[in-house]
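> Structure in structure tokens, see below.
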Amino acid sequence: MRVIFALLLIGFSTLSYAVEQAEEIFKQLAPSLYQIRLIDKASGEKSSIGSGFQISSDGLIATNYHVISGYARHPHKYTIEYLDNQGNKAQLKLKSVDVINDLAIVQREVSSEMPYFDIAQQAPTKGEELYSLGNPHDLGMIVVPGTYNGLKNESFNDRIHFTGSVNSGMSGGPVVNKNTEVVGINVATSGNQIGFLVPHDKLLALYLDYKASPPESIEQQMTAQLMQNQNKLISTIMDSDWQLKQLGRGLIPTIDVPFVRCWGESNSDKADAQIMAAVANCDLDENTYISSDFFTGSLEMEYRYMESNKIGSTKFYHIFERQLNQVAPGNQAGKDDVTDYQCHHDIVMPETSNIKNKAVFCTRAYKAFPDLYDVLYIAISVDHEQYALLSHFTISGVAQDTSLAFLAKFMESVSWK
């Protein structure tokens, strides 16, 4: 009993110390913390809120891109303003963004040098205690202790796995170590004490790039970032090991990269089913936020195998062909963001494959970002009467030549066993 009591005292003492340390950190850093507000000009009310923190003595403030994305896309509709720890507020100017890593730099006017956060020179160690700062649910600035758990394994773009409560409104706030150095920026949560942070080196790179050469326009900067990231993604996938896996009587490619995850389902437990069906789906477990109704940077591959000896070949083909109508773009975008799809239909049989397909290849262009497209490919086999294979992929925000290179490799990798 005494041992248990002693352990409880030790636990209470440790918790008490952590709380005291968090309170001291908050008190020290509060003057350099801000609530970032997007204000709708017509109504004069807040459209969205987040957090931000000063990173230079001349008024540069870091936040998330998604906090100020409305202004980045529609500067005539919105303004950006800050609210400091004394209740003062004023407008901010957007200076630079990193849309891939969900970062933005804004600037306030200053009359003299101001205190700011130091950015760490190295990453934390696994298990190190960190402190997340922000404004959850518009309730006021708080500090939340948590733990560094390294980088998320399944991400193409680096994200820190943080054990702590990153709630709505804390987006864009800093996460610091015990020396009050910024090691990450709040960006997302999965609930249950699972948060994700942008690593500090991404912010440092954005800051140094801005100081060296400010962007000519935010739109041009975003275009270049989207193009570079998607080219890097598709090149990484194209250069990876493509292995063939059996699906029914077909062979489909699986790609050996950790950030593309695959799932499967079938009706093999239904002995009385008229059609035996098996589905495999692989996708990128992340995307790039442009606005609340426009996402890009996604990749999805899908395969459906169907076989039946219980119905006639004509009925089977019509049932299978209807699967074409169930295929949709892998990302969300509106008519203000993209053009209508333009599609090319053909009967194809790649030289290195033995499968004859009825294929459709569709593209739609981005209106604000030149030379970027969403592409969609669907093919259904037409060379057997009682079994068939559908193959499909969508890629969003990709250059035309990159998409065509991926198309060629994808088509050649699907075949009959």
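The values are calculated or read from the model by the stated rules, or taken from the named source; none is laboratory data. Please read all numbers here as calculations on a predicted model, not as lab measurements. Here the Cβ is made from the backbone with ideal geometry for all residues, glycine too, and neighbour counts use every protein chain on show. The area values use the complete protein model at the heavy-atom level, side chains included, leaving out ligands, DNA and RNA. Shrake-Rupley method; radii C 1.70, N 1.55, O 1.52, S 1.80 Å.
> Here's a check for you: in the range 24-49, which residue that is of a type in the set (S, T, N, Q) and touching a helix residue (DSSP H, G or I) at 6+ places or on another chain (Cβ under 7 Å) is most open to solvent (accessible area, probe 1.4 Å)?
Keep residues of the range 24-49 that are of a type in the set (S, T, N, Q), which gives 28, 32, 35, 43, 47-48.
Checking the rest, the ones that are also touching a helix residue (DSSP H, G or I) at 6+ places or on another chain (Cβ under 7 Å) come to 47-48.
On the way: S47: 65, S48: 41 Å².
If we take residues in the range 24-49 being of a type in the set (S, T, N, Q) and touching a helix residue (DSSP H, G or I) at 6+ places or on another chain (Cβ under 7 Å), then S47 is most open to solvent (accessible area, probe 1.4 Å).
> Here is a list: I252, I275, I237. Which entry is under 20 Å from the mean Cα position of the chain (by Cα), surrounded by 13 or more Cβ atoms within 10 Å (Cβ to Cβ) and of a type in the set (V, I, T)? Before the answer, list the steps.
Numbers: I252 fails: under 20 Å from the mean Cα position of the chain (by Cα); I275 fails: under 20 Å from the mean Cα position of the chain (by Cα).
Residue meeting the stated conditions: I237.
> Also, I was wondering about something else. Consider the range 121-178. How many of its residues are more than 23 Å from Y34 (Cα to Cα), among the hydrophobic types (A, V, I, L, M, F, W, C) and buried (at least 20 other Cβ atoms within 10 Å of the Cβ)?
Count: 1.
> Could I ask something else about it? Does K270 fit the bill of being among the charged types (D, E, K, R), open to solvent by 90 Å² or more (accessible area, probe 1.4 Å) and over 25 Å from S353 (Cα atoms)?
Working: among the charged types (D, E, K, R): yes; open to solvent by 90 Å² or more (accessible area, probe 1.4 Å): yes; over 25 Å from S353 (Cα atoms): yes.
So K270 fits the description; yes.
> Y366: more than 20 Å from the chain's Cα centre (by Cα) and aromatic (F, W, Y), yes or no?
Details: more than 20 Å from the chain's Cα centre (by Cα): no; aromatic (F, W, Y): yes.
It is false that Y366 is more than 20 Å from the chain's Cα centre (by Cα) and aromatic (F, W, Y).
> Only strands (runs of 3 or more DSSP E) wholly contained in the range 305-417 count here; list those with 3 or more residues that are without any contact (Cβ under 8 Å) to a residue 24 or more places away in the chain and open to solvent by 20 Å² or more (accessible area, probe 1.4 Å).
Values: elements: 342-348, 357-365, 373-381, 387-398.
By residue number, 342-348.
> Can I ask one more? Is it true that some residue in the range 201-220 is within 24 Å of Y373 (Cβ to Cβ) and among the hydroxyl-bearing types (S, T, Y)? If you could, list the steps in order and put the result at the bottom.
Kept after step one, since they are within 24 Å of Y373 (Cβ to Cβ), are these residues of the range 201-220: 215-220.
Subset that is among the hydroxyl-bearing types (S, T, Y): 217.
Within the range 201-220 (the criterion being within 24 Å of Y373 (Cβ to Cβ) and among the hydroxyl-bearing types (S, T, Y)), the answer is yes, since at least one residue qualifies.
> So for the range 113-124 (the condition being assigned to a loop (DSSP other than H, G, I, E, B) and at positive phi), does at least one residue qualify? Steps first, please.
Residues of the range 113-124 that are assigned to a loop (DSSP other than H, G, I, E, B), as a first pass: 113-117, 120-124.
Narrowing further to those that are at positive phi: none.
So far as the range 113-124 goes, no, none of its residues is assigned to a loop (DSSP other than H, G, I, E, B) and at positive phi.
> Continuing with this model, one more query. Being at pLDDT below 95, under 30 Å from M227 (Cβ atoms) and in contact with a helix residue (DSSP H, G or I) (Cβ under 6 Å, 6 or more places away or on another chain) narrows it down to one residue among S96, S155, S171; which is it?
On the way: S96 fails: at pLDDT below 95; S155 fails: in contact with a helix residue (DSSP H, G or I) (Cβ under 6 Å, 6 or more places away or on another chain).
Among S96, S155, S171, only S171 is at pLDDT below 95, under 30 Å from M227 (Cβ atoms) and in contact with a helix residue (DSSP H, G or I) (Cβ under 6 Å, 6 or more places away or on another chain).
> Can you tell me which residues in the range 50-96 are without any contact (Cβ under 8 Å) to a residue 60 or more places away in the chain, outside any strand (DSSP E or B) and open to solvent by less than 10 Å² (accessible area, probe 1.4 Å)?
First, pick out the residues of the range 50-96 that are without any contact (Cβ under 8 Å) to a residue 60 or more places away in the chain: 57-59, 61, 68, 71, 74-93.
Next cut, outside any strand (DSSP E or B) only: 57-59, 68, 71, 74-77, 84-88.
Matches in the range 50-96: G59, I68.
> Right, here's the next one. Of the conditions (1) open to solvent by less than 50 Å² (accessible area, probe 1.4 Å); (2) touching a Phe, Trp or Tyr at 6+ places or on another chain (Cβ under 9 Å); (3) touching a residue at least 60 places away in the same chain (Cβ under 8 Å); (4) under 18 Å from D158 (Cα atoms), Q230 clears all except one; give me its number.
The single condition Q230 does not satisfy is (2).
> Looking at S266, S298, S313 in this structure, which one is over 30 Å from E219 (Cα atoms), out of contact with any helix residue (DSSP H, G or I) (no Cβ under 7 Å at 6 or more places or on another chain), of a type in the set (S, T, Y) and at pLDDT 90 or above? Break it down into steps so the answer makes sense when it comes.
Numbers: S298 fails: over 30 Å from E219 (Cα atoms); S313 fails: at pLDDT 90 or above.
Only one candidate passes the filter, namely S266.
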